[in-house]
Every structure is written in C-alpha cells, then in structure tokens.
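Working notes, structure below.
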Amino acid sequence: MSSWLLPSLLLVACGPSEEPVEPADEVGTSAQAVLYPPPAPSSGDIVDSTAFLGPLGLNSFVQTGFTTNPQYLSFSFKVAAGAQVRLEVTHGGSSMGLDTGLFVYGPKDANGGYGTTLRAQDDDAGYGQLSKVNSLTLAQGGEYLAVVSTGTGAGKQFRLVLGCLNSACVDPSLFTACDLDVATRIEVCDESVVETQGITPAQALPQCTDAQDAHAAFVENCLVSSGAKPWCADGEAAFTTKMWPVCKDFYHRYYGAGPLPLTQLPLGSTLQAAQAAGHTRCKTGENWCDESLWALNVPSVVGTPPVSLDRVAEGAFASIPALSANQNLQFERLEDLTYAEFGDHVEQFFPELVAALPGALGNGTEVAQVARFYASEPVAPGAKDYHGVYVVYFPVSHQTAVFWLIRHEI
C-alpha cells in the first residue's frame, strides 16, 4: 500500500452540534448517534466547514492528527459509477482512546462543491470508538468527500483507509489501452526469447503473455511501496480480464501474428436509441434501407502514437464475422472521409447517430477518422443492394464504430 503524510491543520469552527445527527439509511452506517458532525455551512458546500487535507487514493491511506477540539478534517476521493468502497479509521495508526466520527458527502457538482447531503456516516462501528463505513455503493461516479471528526481528540493521530470492494472503482477508460510499463515488459521479454531461442517475435509472444506473465506484470506495477498505477485499485482480476487482453491483442498485430483483434463493446443506451430512430426511418414507406452497428475497442499502448486507420479497418473486418464471412460481397476501399463527410453520407436516415458517436465513443473533441468501403449486390432482376461500411475511429479514446448501411434499390 502507498502512504503519504498530511500535515495537521487548525480549523476555526463552531462548537459541536447540541443535537446528535441520526444516521442515514446507508449501507455501513451505525445505529448509534454520530458525534460531532461538521456544522452546516452558509455556502452550502460542506468542505467549507472542514480543514481540507487533499486527496485519498483508492486502496491507500492517509495518516494525520487532530490539533484542536472539535475538529473536522476532510479528504477527497474519486471513483467510477457503481464503485463499492470501504472507509475505516483503523486501530493500526490511530492513537489509543481516540473517538471519531466519519462522514461521506458528494459527488462534487458542476460548480465544484460537495453539497451537504450525507451519503454515509458512522460513529463507533470500528475498533473501540473509531469509525467505519463497511460497504458503500456509489451509483454516480465522481469526486466525493470523506470527513473525519472528533470532539476530544486534540493531539491524537489517526489513519483513514479507503478500499475498493467490487473491482469497479476506477474509470473504465484506464483499461482500454495497455499501460506503457506493461507493454515494455512484454517487449523486453519477447526480444529476450527471440535472441535466446532463435524464433520469430510472433512465435515468442505466447511465452511472454501467459497467466504467469500477467500476474508478474500486476505485481511489478501494483504491489509496490509507492507509485502504484491508478488502475491497480480495481485489483488483479480486473487487470487480468480487462487490460491484459488489450496488451496481448496489440502485440498480436505488432509482431505480425495476424490482423489486429478488436474487442466488441456493448452499445450504450444513447447509441441504441440513435440506431433505433434511424432504423424506423429506413423502414418507413418503401423499405429504403437496413443497417448494423458495432462498437469496438482498439488495442493500443498508452503514450505511443495511435494505431493507424488502415490497421483498425483491417482489424474491424477480421473481427466482425458478418463482414469477414460474407462471400457474396467484394468490398472496395474508397477514399477516406472526414467525420463531417461521413455525416453527409448517412444523416438522411441516421442524424441521431452522427450526433451521438463522438460523445459515446470519443472524448467529444478528438478528430475522428473514417474509412469507407463499398459493394453492390444484385438481389432481383433490375434491382441491387448498395452496401456502405464506415469504420469510424476515435484515436485518442481507442474506440471505433463500424456502421454498415444497406440501401435497397426500389
């Protein structure tokens, strides 16, 4: 675990509330009254009633102490939507006889405030009179505020520990590309095997990307005294099932073992709604068109140049059986499009999709690249289907959409 020492700060505040605060109906709260809740601030932002001491990392702790009575010390922490966390003032690292309260507020709003709504609170669920929120699920991602209070603890030390319980605490985007240090480990291993065994890099790759290698990569980056990567907080299982396959897939193409494998992603509700709206237009009247839509993750390495559009397009066709196994169609690669030109091609029926893709798969501002493919197919005497496949690639976010639009000749 990484640790860091925070200075104790003196907070000039109102005295403790005369009436105890009743615990909220949250998982991990105590059935007892909570001692010394921070006073309600006139600003409406609870942090203004505390001494803010900085961020607290997932699966980490802070060690500091109280300097006056009463006192309210606060720490921020960030989680992804659906995170389940545990917060505890632990016996180890805390002074004997210390009595604390523990409160959670947030998430931080668009104005930068945490508000005053309690998400969880506890008095004595921990060791002795120490506080613990054993399990708290935070449906909304963002930055939260943990407050540790005391009414009698001046001069005493405490340790606040934050743990992730469900392997879903960090931003999922941290797993969409291979960490550079993990990638470097694979490259060094592959080069060593090539040199000692006299085989090709592609033949050496399986010896550097098995389960033992994944475990070693996690240990090297996460089980360290300091400097653990942010993605480590979700644990080894998350790394092994989310990031490690991305690393393996990237080097599969990098070492010439075949096309870049693209992993299919679930379509979010926004993309589903956009596709449905366009599908309805396609089927109105004369059955003008049909469509298919896929979202895929593009294996890449953080901090290196993005994978080329050519490699992404090649991988997209290889990864989607409906395209790669269709023997009736001979797709021709046409000139690449800008995103605006892609919109011109499909917005007659799918304007919602054109509007939704940059926010759903990109970061909202990056420049998308679009590869265009075309094929025609006779379907009846004097009638054809015209197939357009668009590979819309967001190189910063490492994600792509493959949109297949079939226009029917009526």
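Against the condition surrounded by fewer than 18 Cβ atoms within 10 Å (Cβ to Cβ) and under 24 Å from T263 (Cα atoms), how does G388 come out, does it pass?
Criteria not met by G388.
Can you pull out the residues in segment 155-199 that are part of a helix (DSSP H, G or I), aliphatic (A, V, I, L, M) and in contact (Cβ under 8 Å) with a residue 12 or more places away in the chain?
Selection gives L174, L180, V182, A183, I186, V193.
Just for segment 30-57: of the residues that are among the aliphatic types (A, V, I, L, M) and crowded, with 20+ Cβ neighbours inside 10 Å, which one is nearest to E143 (Cα to Cα)?
For segment 30-57, the residue satisfying everything is L56.
Considering each residue of segment 78-130, count those that are of a type in the set (A, V, I, L, M, F, W, C) and touching a Leu at 6+ places or on another chain (Cβ under 7 Å), and give that number. Working first, answer last.
In the first step, residues of segment 78-130 are kept if they are of a type in the set (A, V, I, L, M, F, W, C); the result is 79-81, 83, 85, 87, 89, 96, 98, 102-104, 110, 118, 120, 125, 130.
Add one more test, that the residue is touching a Leu at 6+ places or on another chain (Cβ under 7 Å), and what stays is 79, 83, 85, 87, 89, 98, 102-104, 120, 130.
Of the residues in that region, 11 qualify.
Residues in segment 339-349: is at least one closer than 23 Å to T176 by Cβ and part of a helix (DSSP H, G or I)?
Just the residues of segment 339-349 that are closer than 23 Å to T176 by Cβ, to begin with: 339, 342.
In the following step, the residues that additionally are part of a helix (DSSP H, G or I) were identified as 339, 342.
Yes.
If P259 satisfies all but one of (1) outside any helix (DSSP H, G or I); (2) farther than 30 Å from P321 by Cβ; (3) open to solvent by 20 Å² or more (accessible area, probe 1.4 Å), what's the number of the condition it fails?
Evaluating P259 over (1) outside any helix (DSSP H, G or I); (2) farther than 30 Å from P321 by Cβ; (3) open to solvent by 20 Å² or more (accessible area, probe 1.4 Å) leaves (2) as the failure.
In this structure, does K132 turn out to be among the charged types (D, E, K, R), in contact (Cβ under 8 Å) with a residue 60 or more places away in the chain and over 22 Å from G106 (Cβ atoms)?
In short, no.
Any chance you could count how many residues in segment 281-309 are closer than 21 Å to C247 by Cβ and not hydrophobic (A, V, I, L, M, F, W, C)?
8
For segment 334-345, name all the residues that are open to solvent by 50 Å² or more (accessible area, probe 1.4 Å) and either among the small types (G, A, S) or under 24 Å from D249 (Cα atoms) (or both).
A340
List the pairs whose first member sits in segment 202-230 and is at negative phi, whose second member is among the acidic types (D, E) and crowded, with 18+ Cβ neighbours inside 10 Å, and whose Cβ atoms are under 7 Å apart, counting only residues at least 6 apart or on separate chains?
A204/D190; L205/D190; C208/D190; N221/D179; K229/D179
Identify all residues within segment 220-232 that are of a type in the set (S, T, N, Q) and either in contact with a strand residue (DSSP E or B) (Cβ under 6 Å, 6 or more places away or on another chain) or open to solvent by 60 Å² or more (accessible area, probe 1.4 Å) (or both); write none if there are none.
S225, S226
Please determine whether any residue of segment 197-219 is in contact with a Pro (Cβ under 6 Å, 6 or more places away or on another chain) and open to solvent by 40 Å² or more (accessible area, probe 1.4 Å). Steps first, please.
Initial filter on segment 197-219 (in contact with a Pro (Cβ under 6 Å, 6 or more places away or on another chain)): none.
No, segment 197-219 contains no residue that is in contact with a Pro (Cβ under 6 Å, 6 or more places away or on another chain) and open to solvent by 40 Å² or more (accessible area, probe 1.4 Å).
From the residues in segment 346-375 that are closer than 18 Å to L323 by Cβ and open to solvent by less than 50 Å² (accessible area, probe 1.4 Å), which one is nearest to the chain's Cα centre (by Cα)?
In the first step, residues of segment 346-375 are kept if they are closer than 18 Å to L323 by Cβ; the result is 346, 370-375.
Still in the running and open to solvent by less than 50 Å² (accessible area, probe 1.4 Å): 346, 370-371, 373, 375.
Values: V346: 30, V370: 25, A371: 27, F373: 32, A375: 37 Å.
Checking each candidate, the answer is V370.
Residue by residue through segment 81-104, note down the ones that are open to solvent by 10 Å² or more (accessible area, probe 1.4 Å) and within 24 Å of T137 (Cβ to Cβ). Write out each step before concluding.
Step one: filter segment 81-104 for residues open to solvent by 10 Å² or more (accessible area, probe 1.4 Å), giving 81-82, 84, 86, 88, 90-97, 99.
Listed by number, the residues that qualify are A81, G82, Q84, R86, E88, T90.
Considering only residues that are of a type in the set (D, E) and modelled with pLDDT of 95 or more, look in segment 160-187 and name the one that is most open to solvent (accessible area, probe 1.4 Å).
D181
The values are calculated or read from the model by the stated rules, or taken from the named source; none is laboratory data. As the structure is a computational prediction, the values presented were derived from the model and not from experiment. We place every Cβ from the backbone using ideal geometry, glycine too, and count neighbours over all the protein chains shown. Surface areas here come from the heavy atoms of the whole protein model, side chains and all, with no ligands, DNA or RNA. Shrake-Rupley method; radii C 1.70, N 1.55, O 1.52, S 1.80 Å.
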